[in-house]
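Data first, discussion second: the structure below is written as structure tokens.
The values are calculated or read from the model by the stated rules, or taken from the named source; none is laboratory data. Quick caveat, the model's predicted, so the values are computed rather than measured. Reconstructed Cβ throughout: ideal geometry from the backbone, glycine too, with neighbour counts over all protein chains shown.
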Ligand code: PA5
């Protein structure tokens, strides 16, 4: 990308939040009033202070990622350029925070049918796949379309202990070694993991695998701007410097102490009040296919960060808001019926785009059929944008609070802004809810139960607990 350092460019690419339709003045009694915002003034002030303090004390290392990775970025770009021509495919082995970001960014920036393009139209970069499940069908089917001898596998795991990722790694390592021998295999595996802890780090050292470091203080779902996301992005030709520059710009904007000028803070404040009102569902509806996987990435961020049993002071919270993914316009023909007429238990966030990267005009045919003729000469761009406005109006008329985030266009810079904004909003919402947005005991519990059931040493107590769980009754199995 060119020119993203200039102040003019930044201003022209600033993402916007329009929350008129969240406010009672517009959406009616189920919305949010100015009084409700004023009523939590002290909480907002305390949250602002906590954000600054936590950052200063090193409790939010992900906030510095746009600035402190010059060397890492150089290493990633050099590595990507050096291996680019050697491989036909690049496969990420990872799950959760080690997969959702790479998927979202690749889908947003690159051609929607990237893998189907001829290599030269991919800028010479390899095809891109993510194996983020242990479904045996999916993994073995991947081998029907890739040649492992021409594939680079990126094992991404912060802990280096996640069964799903490590089992994939073990399968692939053995397969590669049988086919290519040990020495050659080492050139086909690159790891992204903690700098010190976990199984993967010593494995890399022993096997001679190239590796990148996930900084210790950055948790999985906040790691897209570390090598977790940067290496897969660079391996498909994405400009990671522009991506980080967008994040840095949003960091600057989200340090604004006036919440009315701070998108991330307002996003959190409105969501928090909606939660207090019992709106426990947070729908994200991008009006762009390129942004549809952002909803999946956001779902993990919002759910895993805010879905907590306890407050910071140890009292019971059972906090959180369930993220739901919808796609505009596709889901206008399914979920929107519920959003318009169903219960007042949700808020809807639209993701819109000012300028799509392509334009298609509908031909002026069938002008004699009024119900089709009106489309003649209209661009699909205008159609999708108009349908977004129409859906927002539909919800507004039904008294259903909704807001929109608009990207001037989808590119590396605006995507960096968007993801960083969501991360700050999540941290801020955690402060308002008074929960720890940066741990995930519920996820760890599931991992531990799996380890215990497979008899992993160190998990005997969990195994015993599991073995003594109530057994299913036949009467309830039909
Ligand atoms: O956000 C998180 O911490 C989790 O979703 C992790 O990213 C996920 O469980 C994968 O963990 P790891 O990267 O350690 O393999």
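For region 246-263, check the following and say yes or no: at least one residue is farther than 21 Å from residue 37 by Cα and within 16 Å of the ligand (Cβ to nearest atom). Looking for residues that are farther than 21 Å from residue 37 by Cα and within 16 Å of the ligand (Cβ to nearest atom), one finds none in region 246-263, hence no. For region 9-16, check the following and say yes or no: at least one residue is out of contact with any helix residue (DSSP H, G or I) (no Cβ under 9 Å at 6 or more places or on another chain) and either surrounded by 11 or more Cβ atoms within 10 Å (Cβ to Cβ) or more than 30 Å from residue 220 (Cβ to Cβ) (or both). Yes, region 9-16 has at least one match.
Look at (1) under 26 Å from the mean Cα position of the chain (by Cα); (2) outside any strand (DSSP E or B); (3) in contact (Cβ under 8 Å) with a residue 24 or more places away in the chain; (4) away from the ligand (no atom under 16 Å from the Cβ) and you find that residue 90 fails only one, number (2).
Against the numbered list (1) touching a helix residue (DSSP H, G or I) at 6+ places or on another chain (Cβ under 6 Å); (2) farther than 30 Å from residue 9 by Cα; (3) more than 15 Å from the ligand (Cβ to nearest atom), residue 465 comes up short only at (1). Of all residues in region 177-201, exactly one satisfies the criterion of being in contact with a helix residue (DSSP H, G or I) (Cβ under 9 Å, 6 or more places away or on another chain), part of a helix (DSSP H, G or I) and within 16 Å of the ligand (Cβ to nearest atom), namely 200. Taking residue 364, is it part of a loop (DSSP other than H, G, I, E, B), without any contact (Cβ under 8 Å) to a residue 60 or more places away in the chain and in contact with a helix residue (DSSP H, G or I) (Cβ under 9 Å, 6 or more places away or on another chain)? When the stated conditions are applied, residue 364 passes them. The residues listed here are 44, 77; of these, the one that is in contact (Cβ under 8 Å) with a residue 12 or more places away in the chain and more than 21 Å from residue 156 (Cα to Cα) is 44. The test for being surrounded by fewer than 20 Cβ atoms within 10 Å (Cβ to Cβ) and either out of contact with any strand residue (DSSP E or B) (no Cβ under 8 Å at 6 or more places or on another chain) or modelled with pLDDT under 95 (or both) holds for residue 237. Residues of region 202-226 that are farther than 20 Å from residue 90 by Cα and either under 25 Å from the mean Cα position of the chain (by Cα) or within 11 Å of the ligand (Cβ to nearest atom) (or both): 215, 216, 217, 218, 219, 220, 221, 222. The residues of region 97-123 that are farther than 30 Å from residue 62 by Cα and touching a residue at least 60 places away in the same chain (Cβ under 8 Å), listed by number, are 122, 123. Residues that are part of a helix (DSSP H, G or I) and either within 16 Å of residue 19 (Cβ to Cβ) or touching a strand residue (DSSP E or B) at 6+ places or on another chain (Cβ under 9 Å) (or both) within region 387-401 comprise 388, 389, 391, 392, 393, 395, 396, listed in sequence order.
Does residue 59 fit the bill of being assigned to a loop (DSSP other than H, G, I, E, B) and at positive phi? No, not satisfied.
Residues in region 451-474 that are part of a helix (DSSP H, G or I) and surrounded by fewer than 16 Cβ atoms within 10 Å (Cβ to Cβ) were compared, and the one that is farthest from the chain's Cα centre (by Cα) is 474.
The residues listed here are 105, 134; of these, the one that is farther than 15 Å from residue 228 by Cβ and within 16 Å of the ligand (Cβ to nearest atom) is 134.
Please work out which residue is farthest from residue 95 (Cα to Cα), limiting yourself to region 408-447 and to residues that are away from the ligand (no atom under 12 Å from the Cβ) and not in a helix (DSSP H, G or I). My answer is 408. Just so you know, in region 162-176 the residues that are farther than 17 Å from residue 138 by Cα and crowded, with 16+ Cβ neighbours inside 10 Å include one that is nearest to the ligand (Cβ to nearest atom), and it is 162.
The single condition among (1) in contact with a helix residue (DSSP H, G or I) (Cβ under 9 Å, 6 or more places away or on another chain); (2) within 15 Å of residue 387 (Cβ to Cβ) that residue 333 does not meet is (1). Of the residues examined, residue 61 is one that is within 16 Å of the ligand (Cβ to nearest atom), surrounded by 15 or more Cβ atoms within 10 Å (Cβ to Cβ), modelled with pLDDT of 95 or more and over 20 Å from residue 142 (Cβ atoms).
Could you run through region 137-172 and say how many residues are in a loop (DSSP other than H, G, I, E, B) and either in contact with a strand residue (DSSP E or B) (Cβ under 9 Å, 6 or more places away or on another chain) or modelled with pLDDT of 95 or more (or both)? Here the count works out to 5.
None of 96, 124 is at positive phi, touching a helix residue (DSSP H, G or I) at 6+ places or on another chain (Cβ under 8 Å) and more than 16 Å from the ligand (Cβ to nearest atom) except 124.
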